[in-house]
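Below: the structure, in C-alpha cells.
Just so you know, all these numbers are worked out from the coordinates, no wet-lab data involved. These numbers come from a predicted model, not from an experiment. Note: ideal-geometry Cβ built from the backbone for every residue, glycine included; neighbour counts use all protein chains shown.
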Amino acid sequence: MRRFHEIDTGMAGFRLWPGGLSTPEQAGLVEQVTAVLETAPLYRPVTPGGRPFSVRMSNLGPLGWVSDRGGYRYQATHPETGAAWPPMPERLIDLWGDLTGWPEPPDACLVNLYRGEARMGLHQDRDEADLTAPVLSISLGDTAVFRVAPAEGVRGRAVKLASGDICALTGPARLARHGIDRILAGSSGLIPGGGRINLTLRRAGPGTGASGS
Ligand code: SIN
Ligand code: FE2
C-alpha cells in the first residue's frame with residue numbers, strides 16, 4: 001500500500017495522498033472519463049425533497065449512486081438514458097487496490113462535476129452494503145475546500161484538495177460527515193470548460209469474499 005498522511009479530523013482514518021496522481025496521469029484520467037461520459041451524460045439529480053443538486057453527476061462501473069424523489073440508492077442504469085453505466089477504467093480499479101488494499105474491487109465510481117457555485121452539503125456516505133469498506137476520492141481540476149467533521153453539529157476541519165490529490169475515508173472516519181464548501185474557480189486548467197471533477201470509488205454492493213460480506 002502506498003504511504004499516506006493521516007489527517008487529524010477528530011477521528012482516525014482520514015487518509016490523504018497529496019499529489020497522488022502526476023499531471024500526465026491526471027490529464028489521462030480526465031480524457032478517459034470524458035470519453036466514457038459520452039455514453040453516460042452528466043445530469044443534475046434532485047434530492048429526495050425535490051431540490052436540484054448544484055453538482056452534476058454520472059457513474060462508471062456496475063453500480064451507480066443516484067438521488068431522486070424516491071431517495072438515495074445504487075442502481076445499474078443511468079436514470080435518464082436507462083442504459084447500463086459504462087465500465088470503470090482499469091486504472092481506477094488498480095489505484096483502489098494500491099491505495100486501500102481492500103481485497104475486493106470497487107463496484108461503483110461516482111463522477112461529480114463542480115462548476116461555478118456548485119458545492120456539496122455535509123453528509124455521511126451510508127448507502128453502501130458494507131460500511132466498513134473504504135471510500136476513495138480522487139480530485140481533478142480546480143481545488144476544493146473539503147470539510148470533514150466527526151459528528152453532527154461540529155464544524156470540523158477544512159482540507160484543501162488540489163488536482164491529483166487522493167483521499168480516503170477508512171476505519172472510524174468511514175462514517176465522517178463531509179462535504180464541499182466551495183471550489184476555487186480557475187485554480188486549475190485541467191478540465192476542459194473549467195471546474196472540478198471528483199471521482200469517488202466505493203464498494204456499494206454486498207461483498208463476495210471473506211472480509212466483504
Ligand atoms: C462526495 O462526498 O460525494 C463528494 C466529495 C468530493 O467532491 O470531494
Ligand atoms: Fe460523500
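Take the chain, mark every one of the trypsin sites (Lys or Arg not before Pro) that falls in a DSSP loop and has at most 13 other Cβ within 10 Å, then report the longest stretch left between them, sites excluded.
Working: sites that count: ARG2, ARG3, ARG69, ARG126, ARG155.
That gives 4-68 as the longest site-free run.
Taking the Cα centre of the chain as origin, sum charge times position over the Cβ atoms of Lys and Arg (+1) and Asp and Glu (-1), and report the length of that vector in debye to the nearest 20.
680
So if I take the centroid of the Cα atoms in region 1-27 and the same for region 142-213, what is the distance between those two points in Å?
Cα centroid of region 1-27 versus Cα centroid of region 142-213: 11 Å apart.
Please sort by residue number the GluC sites (Glu not before Pro) in region 104-205 whose DSSP state is loop and whose Cβ has at most 16 other Cβ atoms within 10 Å.
GLU117, GLU152
Can you work out D for the chain in µm² s⁻¹ from Stokes-Einstein, where Rh is the Kirkwood radius over C-alpha pairs, the temperature is 37 °C and the viscosity is 0.692 mPa s?
Translational diffusion coefficient: 191 µm²/s.
Just going by the charge dipole of the chain, with Lys and Arg at +1 and Asp and Glu at -1 on Cβ, which of PRO106, GLY70, LEU122 is farthest out on the positive end?
The residue sitting farthest along the positive end of the dipole is LEU122.
Can you check what the net charge comes to around LEU113, using other residues whose Cβ is under 12 Å from the Cβ of LEU113 (Lys, Arg +1; Asp, Glu -1)?
Its environment carries a net charge of +3.
Normalising by the residue count of region 97-158, find the relative contact order in percent from Cα pairs under 8 Å and 6+ residues apart. Can you show the working numbers first?
Details: 20 pairs, mean separation 15.3, N = 62.
Relative contact order here is 25 percent.
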